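This report refers to the structure that appears directly beneath it.
The values are calculated or read from the model by the stated rules, or taken from the named source; none is laboratory data. Remember, predicted model here, so these are calculated numbers, not experimental data. Here the Cβ is made from the backbone with ideal geometry for all residues, glycine too, and neighbour counts use every protein chain on show.
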């Protein structure tokens, strides 16, 4: 299979809808004839068998689809309940835990300026954060989990975006926790 056929295959894989030949030609910066030839190569490649994917022409375009032999298994797999995306509150709490861990729920609430019990509870249920001891005042401390790292594509926490990229004063990076707490307190007092 040549490079153009591989590129077309990748584009079809990425698209959730059938892609017309003209759109493939535009994306690949080549002629429609070259795309038709690449699709013929792909069709031959998939016709060789032992693949779980087939090339289909549907709705005026081309798409990759599962082989009908996999239909029952695919229905069972996709029938499983899906986890809803994180809410804004959950994402904020998760970011605070990831960067400041270990961190307590009261600290999270002070930073955000609002109660965070529900968001933290949901993050615990989903396995994105876990308890990691208690603060000197007895509050539960939280840290991110391996599942968090896996879902966000991190090898370790060192792979988190650098705080300095979000903070124009790298020399203040060590004071981040206090500045965030002050900002949360100001936010809470202004509402």
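Which helices (runs of 4 or more DSSP H) does the stretch 32-144 wholly contain that include 3 or more residues that are in contact (Cβ under 8 Å) with a residue 12 or more places away in the chain and assigned by TED's automatic domain parsing to the domain that holds residue 157?
Values: elements: 32-47, 71-78, 88-100, 105-112, 117-126.
So the answer is 88-100, 105-112, 117-126.
Check the stretch 18-35 and report whether any residue there is surrounded by fewer than 16 Cβ atoms within 10 Å (Cβ to Cβ) and touching a strand residue (DSSP E or B) at 6+ places or on another chain (Cβ under 7 Å).
yes
Can you find a residue that is buried (at least 16 other Cβ atoms within 10 Å of the Cβ) and more than 22 Å from residue 11 (Cα to Cα) anywhere in the stretch 78-89? Quick ask: steps written out before the conclusion?
At the first step, the residues of the stretch 78-89 found to be buried (at least 16 other Cβ atoms within 10 Å of the Cβ) are 86, 89.
Imposing the further condition that a residue be more than 22 Å from residue 11 (Cα to Cα) reduces the set to 86, 89.
Yes, there is a match, as at least one residue in the stretch 78-89 is buried (at least 16 other Cβ atoms within 10 Å of the Cβ) and more than 22 Å from residue 11 (Cα to Cα).
Within the stretch 31-60, track down each residue that is more than 28 Å from the chain's Cα centre (by Cα) and closer than 12 Å to residue 19 by Cα. Let's see the steps before the verdict.
Kept after step one, since they are more than 28 Å from the chain's Cα centre (by Cα), are these residues of the stretch 31-60: 31-50, 56-60.
Selection gives 35, 39, 56, 57, 58, 59, 60.
So for the stretch 105-113 (the condition being at pLDDT 85 or above and surrounded by fewer than 16 Cβ atoms within 10 Å (Cβ to Cβ)), does at least one residue qualify? Don't jump to the end; show me each part of the working.
So the first thing to find is which residues in the stretch 105-113 are at pLDDT 85 or above, and the list is 105-113.
With surrounded by fewer than 16 Cβ atoms within 10 Å (Cβ to Cβ) added as a condition, the list becomes 106.
Yes, the stretch 105-113 contains at least one residue that is at pLDDT 85 or above and surrounded by fewer than 16 Cβ atoms within 10 Å (Cβ to Cβ).
If I ask for residues that are within 22 Å of residue 66 (Cβ to Cβ) and either part of a loop (DSSP other than H, G, I, E, B) or not assigned by TED's automatic domain parsing to the domain that holds residue 73 (or both), which ones from the stretch 11-31 would you list?
First, the residues of the stretch 11-31 that are within 22 Å of residue 66 (Cβ to Cβ): 11-20, 24.
Hits for the stretch 11-31 are 15, 16, 17, 18, 20.
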